[in-house]
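Asks: If you scroll down you'll find the structure; I have some questions about it.
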Amino acid sequence: MAVDPVTGASSTTTQETASTTKNAASSASAKASLDYDNFLQLLIAQMKNQDPTDPMKASEQIAQLATFSQVEQTIQTNTNLETLIKGNALNSASSYIGQTITSADEKTTGVVASVRVYSDTMVAMTTDGKEIPITVGVRVGTKPATTTTGS
């Protein structure tokens with residue numbers, strides 16, 4: 001049983017790890033996400049509590065708004081990129097069906113019957129029930145043709 005170095009939780013399957021990773025990413029995104037209402041509340045609090053003898057300049061307020069806008073756009077870009085990557089992974093996964101796959105260590109081979117897609121990896125299930133993670137070094141090709149010899 002492996003222990004996750006980030007959360008300290010033990011995990012026994014790739015699916016549990018993928019679920020944990022997805023939940024952690026969602027939580028981080030929710031914590032990092034501020035909307036305009038939050039920004040305006042912070043700006044108003046800052047204006048109320050500023051030194052009246054040395055008030056914030058309008059250019060500083062505009063710079064803060066621009067920075068906030070950039071952060072929000074970056075979060076939206078990351079969300080859109082994650083959606084694009086998931087769609088690409090699903091498209092890629094469907095192309096493996098019916099193909100011959102050989103593991104990176106070349107110990108396991110078979111014809112892909114199905115593919116499970118996780119947030120960080122894909123796992124091919126062969127027609128004979130073997131699971132092969134699709135990682136660097138895995139060989140995928142067309143189904144081998146059966147040859148017949150004439151007697």
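The values are calculated or read from the model by the stated rules, or taken from the named source; none is laboratory data. Only a predicted model underlies this, so the values are computations on that prediction, with no experimental measurement involved. Cβ coordinates were reconstructed from backbone atoms using ideal geometry, including for glycine residues, and neighbour counts include every protein chain displayed.
Asks: Among residues belonging to region 67-122 that are under 18 Å from VAL136 (Cβ atoms) and among the aromatic types (Phe, Trp, Tyr), point out the one that is modelled with the lowest pLDDT.
Replies: TYR118
Asks: Just to be sure I understand, how many residues within region 126-141 are surrounded by fewer than 16 Cβ atoms within 10 Å (Cβ to Cβ) and out of contact with any Gly (no Cβ under 8 Å at 6 or more places or on another chain)?
Replies: Number satisfying all stated conditions: 9.
Asks: Next up: Within region 107-116, is even one residue in contact with a helix residue (DSSP H, G or I) (Cβ under 6 Å, 6 or more places away or on another chain) and crowded, with 16+ Cβ neighbours inside 10 Å?
Replies: yes
Asks: Quick one: how many residues across region 36-65 are surrounded by 10 or more Cβ atoms within 10 Å (Cβ to Cβ) and not in a helix (DSSP H, G or I)?
Replies: Qualifying residue count, region 36-65: 3.
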